[in-house]
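Read the structure below first, then the notes.
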Amino acid sequence: MFWNKKLSLTLVLTLFLPTMSLALSDSWTSRTDMPTPRRGMSAAVLDGKIYVIGGNPDKTGGLKTVEAYDPATNTWTTKSPMSVARGGLGISVVNGKIYAIGGMTNPSGSYNTVEEYDPVTDRWTRKADMPTRRFGLSTSVVNGKIYAIGGQGSWPNVVSKVEEYDPATDTWTEKRPMQTARAHLSTCVVNGKIYAIGGVLEYPEIASIVEEYDPVANTWRKKADMPTARTFLATSVLNGRIYAMGGSTTDPDGPPMSIVEEYDPATDTWTAKADMLTARGHLAAGTVNGKIYAIGGTTGGFPWPLTSIVEEYDPGLPPPDFNGDGTVDITDLLRLIDSWGQDDPLVDMAPPLGDGIVDIQDLEHLMSYWEQTPDDPTLITHWALDETEGIIAQDGIGGNAAYIIGDPLWLPDGGMVNGAIQLDGVDDCAVSGPMPNLAEGPFSAVTWIKGGVPGQGVLSQMAVANWLCTDPSDGTLMTELKSAGEDGCSLGSETVITDDDWHRIGLVWDGLYRTLYVDGVAVTEDTQNGLEGSSNGLYIGAGQMMQPGTYFSGLIDDIRLYNRAVNP
Ligand SMILES: [Ca+2]
Ligand SMILES: [Ca+2]
Ligand SMILES: [Ca+2]
């Protein structure tokens, strides 16, 4: 049966190979128009719906309008209006409530008004005014507090002001200003830091500036400039990356553009992405269920022709590197053939997010990457351990270098994928910086090891859990990463990995099942009610508390962390 399938698939492959070359990439599609055409509104996502609030109906007036878009049904619902009509406002969500902050109308000028919306009762309530009247600001939330950033109190005086609102106490606190005063910028949050992007500097100069705010330290620092300067843009976060969409680039009153650029805070780099279908400025955006929605705005320069169009951004499929080794080849093809005709979420990637069966579409997806080493947005960290000297193990993906402790040996020709590191089991290990909290969703931790004895840590999270370790009694592979609840427990296997052969070991969490792999085989599996997550750094080659006796004595190579389930 297996060989029949393999034969017929080989035939299919020979038909496909000459015609297929391009990987399935990112794209935009049109969705249902917003009921009210407008610009200068702002948006927030709550319970899977995008609330689009306020805005300007023409070049001066303001709107109280609230309309909610449900991407699941592709429909709009009109909600209770705000009490104060305004555009150029900030919108943020804390604890299931939406806050509308500041904004302007002519001739009233700028507002310091704050209103709170409860989606359950569909009602608005007035809250404590913001200290500084302004519009063209942007708001972002970290740890339950809203940061109101930049804007202008009057034309053309832009400000660098940052004021923090705590909805729990209904109070405002002044924080450190941005380094650069600007208005009509856009802000986003990734990993607890706020990124303030673009905007208008001193009129009519347009910014490509990116500044990062750390609310804990109350500090700003400059990051890599956006390739295309822009104002009246929208931004949204998807998979830990920030997408900057549309806006005007040379003249604030000039025509808008369709250019989309993606910022990865982990590497401080920008990448061009697929253009929107329609060039737009003064738009709003939100991310729901892995897609970005770019909503409304203007389709031309002054006097701002309005639009109600909605476009959906699909970032494309993850590459079909099912075993997480960085390449798409015969191993992945055999894995796909193994699941042919079945419901296997790991292999069923096409059409986007899978359709419940591994079939010709999934094969097409795989073949479009055939023998490539694709850029994999789900690969979060890759410590190749190919260094030849020094105290740093570079992360080839996320910029999260690990620092060497003790005196391990670099073996440039001694690994399974080029070089490896040799640890002495006494005090050698490596320590990374803080990580994204991988246990929040599906993830995989995969590495090669050789050697070790029972009771040692291969990969662990500081003061949280040993992710991959050897059982203290017999040297079998186990994990101590478990549910934080009372039912949480370690998971052991019956496969000894301390036999001095190379083994590729992996811990895979798909959101329900916790699985340990050794050399391509799932050696044990159970379910947990979530896993204990943390953004703490990782130890390579030591237990989670660095206790004596938990240091690994052997070789480690090619550590890969994915935010999806792989089959290592
Ligand atoms: Ca592969
Ligand atoms: Ca499929
Ligand atoms: Ca290596």
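Structural remarks
- Residue count, segment 292-351 (criterion: touching a strand residue (DSSP E or B) at 6+ places or on another chain (Cβ under 9 Å) and among the hydroxyl-bearing types (S, T, Y)): 6
- Condition met for D332 (within 16 Å of ligand 2 (Cβ to nearest atom), within 27 Å of the chain's Cα centre (by Cα) and part of a helix (DSSP H, G or I)): yes
- Within the set D343, D338, D332, the sole residue that is modelled with pLDDT of 90 or more and under 21 Å from Y562 (Cα atoms) turns out to be D332.
- Selection of first residues in segment 538-553 that are in a loop (DSSP other than H, G, I, E, B) and of second residues that are hydroxyl-bearing (S, T, Y), restricted to Cβ pairs under 7 Å at least 6 apart or on distinct chains, gives the following pairs, ordered by first then second residue: G541/Y551; A542/S460; A542/T550; A542/Y551; G543/S460; G543/T550; Q544/S460; M546/Y539.
- Qualifying residue in segment 251-259 (condition: modelled with pLDDT of 95 or more, away from ligand 2 (no atom under 16 Å from the Cβ), closer than 21 Å to E67 by Cα and touching a Leu at 6+ places or on another chain (Cβ under 9 Å)): no
- Some residue of segment 365-376 being part of a strand (DSSP E or B), within 27 Å of the chain's Cα centre (by Cα) and buried (at least 21 other Cβ atoms within 10 Å of the Cβ): no
For every residue, the table says whether it meets (1) more than 23 Å from the chain's Cα centre (by Cα); (2) of a type in the set (A, V, I, L, M).
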{"residue": "D471", "(1), (2)": "yes, no"}
{"residue": "L481", "(1), (2)": "no, yes"}
{"residue": "A484", "(1), (2)": "yes, yes"}
{"residue": "T495", "(1), (2)": "yes, no"}
{"residue": "W502", "(1), (2)": "yes, no"}
{"residue": "L516", "(1), (2)": "yes, yes"}
{"residue": "G533", "(1), (2)": "no, no"}
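- Filter result for P436 (under 19 Å from L491 (Cα atoms) and touching a strand residue (DSSP E or B) at 6+ places or on another chain (Cβ under 7 Å)): no
- One residue stands out among those in segment 335-352 that are of a type outside the set (V, I, T), within 24 Å of the chain's Cα centre (by Cα) and within 15 Å of D321 (Cα to Cα): the one that is nearest to ligand 3 (Cβ to nearest atom), which is L346.
- Residue count for segment 496-527 satisfying the condition of being of a type outside the set (D, E) and more than 21 Å from G324 (Cα to Cα): 3.
- The listed residue being under 16 Å from the mean Cα position of the chain (by Cα), assigned to a strand (DSSP E or B), under 20 Å from G40 (Cβ atoms) and in the same structural domain as I53 (by TED's automatic domain parsing), out of G286, G296: G286
- In segment 424-431 there is at least one residue that is farther than 25 Å from D325 by Cβ, of a type in the set (G, A, S) and more than 16 Å from ligand 1 (Cβ to nearest atom).
- Of residues in segment 260-277 being over 26 Å from G103 (Cα atoms) and among the β-branched types (V, I, T), the one modelled with the lowest pLDDT: T267
- Among the candidates D314, D332, D325, the residue that is within 16 Å of ligand 1 (Cβ to nearest atom), touching a residue at least 12 places away in the same chain (Cβ under 8 Å) and in contact with a helix residue (DSSP H, G or I) (Cβ under 7 Å, 6 or more places away or on another chain) is uniquely D332.
- Flag if A284 is small (G, A, S), touching a Leu at 6+ places or on another chain (Cβ under 6 Å) and in contact (Cβ under 8 Å) with a residue 24 or more places away in the chain: no
- Tally of residues being over 12 Å from Y313 (Cβ atoms) and crowded, with 22+ Cβ neighbours inside 10 Å across segment 256-292: 8
- Taken over segment 343-358, the criterion of being crowded, with 16+ Cβ neighbours inside 10 Å and either more than 20 Å from G441 (Cβ to Cβ) or in the same structural domain as N437 (by TED's automatic domain parsing) (or both) is satisfied by A350, V358.
- With respect to (1) within 16 Å of ligand 3 (Cβ to nearest atom); (2) surrounded by fewer than 16 Cβ atoms within 10 Å (Cβ to Cβ); (3) of a type outside the set (A, V, I, L, M), the lone exception for G433 is condition (1).
- The condition of being crowded, with 18+ Cβ neighbours inside 10 Å and either at negative phi or among the hydroxyl-bearing types (S, T, Y) (or both) holds for I405.
- Unique residue being within 30 Å of the chain's Cα centre (by Cα), away from ligand 3 (no atom under 13 Å from the Cβ) and in a loop (DSSP other than H, G, I, E, B) when the list is G398, G390: G398
- The residues of segment 335-364 that are in a helix (DSSP H, G or I) and within 11 Å of ligand 2 (Cβ to nearest atom), listed by number, are L336, A350, P351, P352, L353, G354, I360, Q361, D362, L363, E364.
- Residue check, G326 within 16 Å of ligand 3 (Cβ to nearest atom) and either outside any loop (DSSP other than H, G, I, E, B) or modelled with pLDDT under 95 (or both): yes
- When C489 is tested against (1) free of Cβ contacts under 8 Å to residues at least 60 places away in the same chain; (2) outside any strand (DSSP E or B); (3) under 25 Å from D428 (Cα atoms), only condition (3) is not met.
- Hits in segment 512-537 (condition: under 28 Å from L336 (Cα atoms) and surrounded by fewer than 16 Cβ atoms within 10 Å (Cβ to Cβ)): L512, Y513, D519, G520, V521, A522, E525, D526, T527, G530
The values are calculated or read from the model by the stated rules, or taken from the named source; none is laboratory data. This is a predicted model, so every value here is computed, not measured. Please note: Cβ atoms are built from the backbone with ideal geometry, for glycine as well, and neighbour counts cover all protein chains shown.
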